[in-house]
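Quick notes on the structure that follows.
The values are calculated or read from the model by the stated rules, or taken from the named source; none is laboratory data. These figures come from a predicted structure and were not determined experimentally. Ideal geometry is used to build each Cβ from the backbone, glycine not excepted, and the neighbour counts take in all protein chains shown.
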Amino acid sequence: MDILIIGSGGREHALAIGFSESDSVNNLHVAPGNVGTSKIAQNHNIDVLKTQEILSLASELNVDLVVIGPEGPLVEGVADHLISSGIPCFGPTLKWANLEGSKKFAKEIMEEIGIPTANYEQLSEISENHEILNKFNPPWVIKRDVLAGGKGVTVTQSKKIAISAINNAIESDGRVLVEEYLEGEEASILVIMDESDYICLPPSQDHKRLKDGDEGPNTGGMGAYAPAPVVTSSILRRVEEEIVQPMHSYLKSQKEFPYRGCLYVGIMIDNEGAPRVVEFNVRFGDPETQVTVPLISSDIGELFLSAATGNLSNVNVDFHNYSSATVVLASKNYPSKPIIGDKIYGNDVSIEEGEIRAFIHYAGTAINDKGNYVSAGGRVLSATGIAPTLTEAVEAAYQIINNIELKDSQHRSDIGFRAFERRM
Ligand code: AMP
Ligand code: GLY
C-alpha cells in the first residue's frame, strides 16, 4: 500500500520509520515532514490546517491510507472529508476529535459512562472572588475548553494566579473548567481502536516539565520511556476495565460514528493504584510515539490500515521484549520563545551494539542553504535508545544526546528517573 502521513514532528518521524520497515508499505509520503522523514519518504510541503490541501494531495498521490499525526487537522474535520472521498483515514472524525478539542465534552462522556476522572465545575462569569476556589483544595487546576497546543492548563498554589487564569480564559473562550487536583504518578496509554476492537500499546511515561526532577514550566514533553513500570499488570488491567473498555463500548454504540485511530489515555495513578483520566487525546503522543512504535514487532502498515477500515479484530499485534527511552533536545528559551537558526553538530550518528540501538528522531531541525543542520523549532530532535533493559536504553540515548552541540540548548538529564526510583 501507499501511505501519506500528516505532520512534521518527532512523532511523525517515528511513524515513518515504522512504516518504512513494514513489508506491506510500498511508497511513503509525509506532509510536510521534516529532515528525518526526507531520508526515508517523500516530503510534500502543504499547510496541514487546510483540509483541501490534504485532500488534494491524498487524491493526487492515490494513497491507500492517510495517517494523521497532530490534533489540528482532526479538529478541522479532515477525517470526515477523507472518508467521504473514499480514502481510509487513521484518526477520528470531527465528532470524536472533540474529545481532545473540548475538555468539557470529554468530561460529559466520562460522567455519563462512569469513567474515573477529576471532579470539575464549569464557570462562565468573570469575578474577582471565585467561590469555587474554596471548594477545591490547592493546587488549583484551571483548564481552557479549547485546543491550546499544550498551553491550556494552569496548575497553581496561588489564588491570585488561579483567579486571573479563570478570568482570562472566560474572556477569550466564554467559559473555563476548574478541576480537582489529582495526586499521583502520570502515565500514557496509547490505544489503537476501531469499532471492532482495541489494542493497548505498552504504557509509557512522558516528562512534561522542562527541568530535572519535574520542575519548571510545562512543555510538549522533554522525554519518555516505555514500558513504564508504574503501570503494573494489575494497574493496566484496571485501566482496561475501568477506562478503555467502557470508552470502547460507548464509542462502538454510536454506530454511525466509528472511532478509528489512536485514543491517548493520560492517567494519574494514586498511591493505591487507582487510575483516573487526566485527559484524552485523539492521536498518538509526542514524544510517547518515539518510544512506543519501535516496540511493536508486527507489521504496522497492516495494523494501521486495519484500524482505519474497521478490521482491527482481524489482526494480532506482538511486541518486542525491549525497553525504550527518548531524550528531547530543545532550543534555548523553549517553551516560551524558542531561539532558532543555530547550527547543530554531532547529530549524524547512531549506535548499533548487539541488541542495543540508538538513533535520532528529528523534529524542529532544518538544513540551511549551505547544507548545515540548524535548529528550526522548540523541540529540535530527540535521541532514542532501544535495548533489552531500560538502563541500557537510557544510556544509549544519552550517549547520542551528550555528543550533540547546539548553542544553549536544553535537555533533561533524568529521563526515566521514576522507573529507577521504584527499584531502590
Ligand atoms: P492536560 O493538557 O489536561 O494533559 O494537562 C497538562 C498537565 O497538567 C497534565 O499532564 C498534568 O501534569 C497536569 N494536570 C492536568 N489536570 C490535572 C489534575 N486534575 N490534577 C493534577 N494535575 C493535572
Ligand atoms: N506528550 C503529550 C502529548 O502528546 O499530548
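Among the residues in region 42-56, are any assigned to a helix (DSSP H, G or I), surrounded by fewer than 24 Cβ atoms within 10 Å (Cβ to Cβ), of a type outside the set (D, E, K, R) and in contact (Cβ under 8 Å) with a residue 40 or more places away in the chain? Scanning region 42-56 turns up no residue that is assigned to a helix (DSSP H, G or I), surrounded by fewer than 24 Cβ atoms within 10 Å (Cβ to Cβ), of a type outside the set (D, E, K, R) and in contact (Cβ under 8 Å) with a residue 40 or more places away in the chain. For region 95-110, a tally of residues being over 17 Å from Met268 (Cβ atoms) and either modelled with pLDDT under 95 or of a type outside the set (A, V, I, L, M, F, W, C) (or both) returns 7. Determine, yes or no, whether Ser324 is touching a residue at least 60 places away in the same chain (Cβ under 8 Å) and surrounded by fewer than 14 Cβ atoms within 10 Å (Cβ to Cβ). Criteria not met by Ser324. Can you say whether Ile344 is among the β-branched types (Val, Ile, Thr), over 21 Å from Ala16 (Cα atoms) and assigned to a strand (DSSP E or B), as far as the supplied structure shows? Yes. Being closer than 22 Å to Asn333 by Cβ and more than 22 Å from the chain's Cα centre (by Cα) is not true of Lys370.
Please verify whether region 176-187 includes one or more residues that are of a type in the set (Asp, Glu), away from ligand 2 (no atom under 14 Å from the Cβ), closer than 25 Å to Ala396 by Cβ and surrounded by fewer than 23 Cβ atoms within 10 Å (Cβ to Cβ). It would help to see each step written out before you state the result.
The initial filter retains those residues of region 176-187 that are of a type in the set (Asp, Glu), namely 179-180, 183, 185-186.
If we keep only those that are away from ligand 2 (no atom under 14 Å from the Cβ) too, we end up with 179-180, 183, 185.
When the remaining residues are screened for being closer than 25 Å to Ala396 by Cβ, the result is 185.
After this cut, where a residue has to be surrounded by fewer than 23 Cβ atoms within 10 Å (Cβ to Cβ) as well, the list is 185.
Yes, there is a match, as at least one residue in region 176-187 is of a type in the set (Asp, Glu), away from ligand 2 (no atom under 14 Å from the Cβ), closer than 25 Å to Ala396 by Cβ and surrounded by fewer than 23 Cβ atoms within 10 Å (Cβ to Cβ).
Among Phe319, Phe304, Phe284, which is aromatic (Phe, Trp, Tyr), under 22 Å from the mean Cα position of the chain (by Cα) and within 16 Å of ligand 1 (Cβ to nearest atom)?
Values: Phe319 fails: within 16 Å of ligand 1 (Cβ to nearest atom); Phe304 fails: within 16 Å of ligand 1 (Cβ to nearest atom).
Of Phe319, Phe304, Phe284, the one residue that is aromatic (Phe, Trp, Tyr), under 22 Å from the mean Cα position of the chain (by Cα) and within 16 Å of ligand 1 (Cβ to nearest atom) is Phe284.
With respect to the conditions (1) surrounded by 24 or more Cβ atoms within 10 Å (Cβ to Cβ); (2) within 16 Å of Val327 (Cα to Cα), Pro227 falls short on a single one, namely (1). Of all residues being among the basic types (Lys, Arg) and crowded, with 18+ Cβ neighbours inside 10 Å in region 240-281, which is farthest from ligand 1 (Cβ to nearest atom)? Just the residue, please. Selected residue: Arg260.
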